[in-house]
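Everything on this sheet refers to the single structure shown next.
Readers should treat all values here as calculations from the given coordinates under stated rules, not as data from a laboratory. No experiment lies behind these values; they were computed from the predicted model shown. All Cβ positions, glycine included, derive from the backbone under ideal geometry; neighbour counts span all protein chains shown.
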Amino acid sequence: MRKNADAMATPDRTPLHFARKVRGAFLFLADEGFTEVEAKPTLVRYRKGDVEVDVYHGRQSYEVGGGVTVSGSRFAMSEIVRASDPDVAKDYRNAVATTPEGLAAGLEELSALMQRYGAAALRGDPHFISLLEEQRKLWAEEYVLDVLEGQLRPQAEAAFRRGDYSKAAELYGRIRARLSPAEAKKLALAEARSRC
């Protein structure tokens, strides 16, 4: 019974002609020596040597996205854009398409981005791939700091307000790089008072 419920929950994508539209928008990949290796209603893959390109239409999100895999490591288009042009990356979002026209526009946009920013990834350029891997580590560390900051800042403020200066100093100290000037003063004060 579960199979029928899943089939009913996922609308038929046939009228969108996803694979045909991907082939048209990503024709440049054939010129680069890539061959199509898989085509499904929501996914098309291309390969050239150890470089693979995937273009997808999210099954539930309807996002139009893609990525490049080099030697087993996949990099989303957002990562490729971010490594190439951080200013453009700030505004980058996958298009969401539920109509044939929207899908075509989303694929054209993704294709243009891949041609503009993905050339080095498509070549499997080792220097660019190393840059992507290093950036991924930095982004992950930033994300961890963002989460930690969100958790510790309110705790540090509460500890400072109730006069638990050693706790406030410890918590503020863990997010020292993210402190505002006012919070830095609170940290200095908390450190001084906790020594007394």
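Largest first and in whole Å, give the semi-axes of the chain's equivalent ellipsoid, each being the square root of 5 times a Cα gyration tensor eigenvalue. Display every interim value, and only then the final one.
Details: eigenvalues 422, 97, 38 Å².
Working from the Cα gyration tensor, I get semi-axes of 46, 22, 14 Å.
Name the most mobile residue of 124, 66, 102, meaning the one with the largest mean-square fluctuation, in a Gaussian network model of the chain with Cα contacts below 10 Å.
Checking each option, the largest mean-square fluctuation is seen for 102.
What net charge is computed for the residues neighbouring residue 175, neighbours being all others with C-beta under 11 Å from the C-beta of residue 175, Lys and Arg scored +1, Asp and Glu -1? Don't skip to the end; give the middle numbers.
Details: positive: 153, 174, 176, 178; negative: 146, 149, 170, 183.
Once positives and negatives cancel, what remains is 0.
Sort 113, 189 so the one with the fewest other Cβ atoms within 10 Å of its own Cβ comes first.
On the way: 113 19, 189 15.
Listed from fewest to most nearby Cβ atoms, that is 189, 113.
Taking the chain as a Gaussian network, where each spring joins two C-alpha atoms under 10 Å apart, which residue of 172, 117, 46 fluctuates the most?
Its mean-square fluctuation being the largest, the pick is 172.
If you take the charge dipole of region 2-124 about its Cα centre, with +1 on Lys and Arg Cβ and -1 on Asp and Glu Cβ, which of 41, 65, 30 is farthest toward its positive end?
41
Sort 26-36, 74-84 by packing, meaning the average of other beta carbons within 10 Å per residue, with the highest value first. Walk me through the numbers on the way to the answer.
Details: 26-36: 14.6, 74-84: 19.7.
Packing proxy ranking, top to bottom: 74-84, 26-36.
FRET efficiency for residue 134 and residue 32, Cβ-Cβ distance as r, R0 = 25 Å, nearest 0.05? All intermediate terms of the calculation are to be shown ahead of the outcome.
Working: r = 25 Å, r/R0 = 1.00.
With a Förster radius of 25 Å, E is 0.50.
Sum -39500 (n - 2.57) across every DSSP H segment of at least 4 residues in the chain, then divide by the residue count to get the 222 nm mean residue ellipticity, nearest 500. Present the calculation step by step, with values, prior to reporting the outcome.
Numbers: 10 runs with 118 residues, N = 196.
About -18500 deg cm²/dmol.
Cα-based Rg (one decimal) and Dmax (whole number) for region 139-195, in Å?
11.1, 36
At a Förster radius of 25 Å, what calculated FRET efficiency corresponds to the Cβ-Cβ distance of residue 188 and residue 158, to the nearest 0.05?
After rounding, the FRET efficiency stands at 0.85.
Expected output is a single nm value to one decimal: the length gained when fully extending between residue 149 and residue 127, i.e. 0.36 nm times separation in residues minus the C-alpha distance. What is it?
Working: separation 22, 0.36 × 22 = 7.92 nm, distance 3.25 nm.
Contour length minus Cα-Cα distance gives 4.7 nm.
Compute the long axis of helix 181-195 from its Cα atoms, compare it with the longest principal axis of the Cα atoms of the chain, and write down the angle in degrees, 0 to 90, nearest 10.
50 degrees
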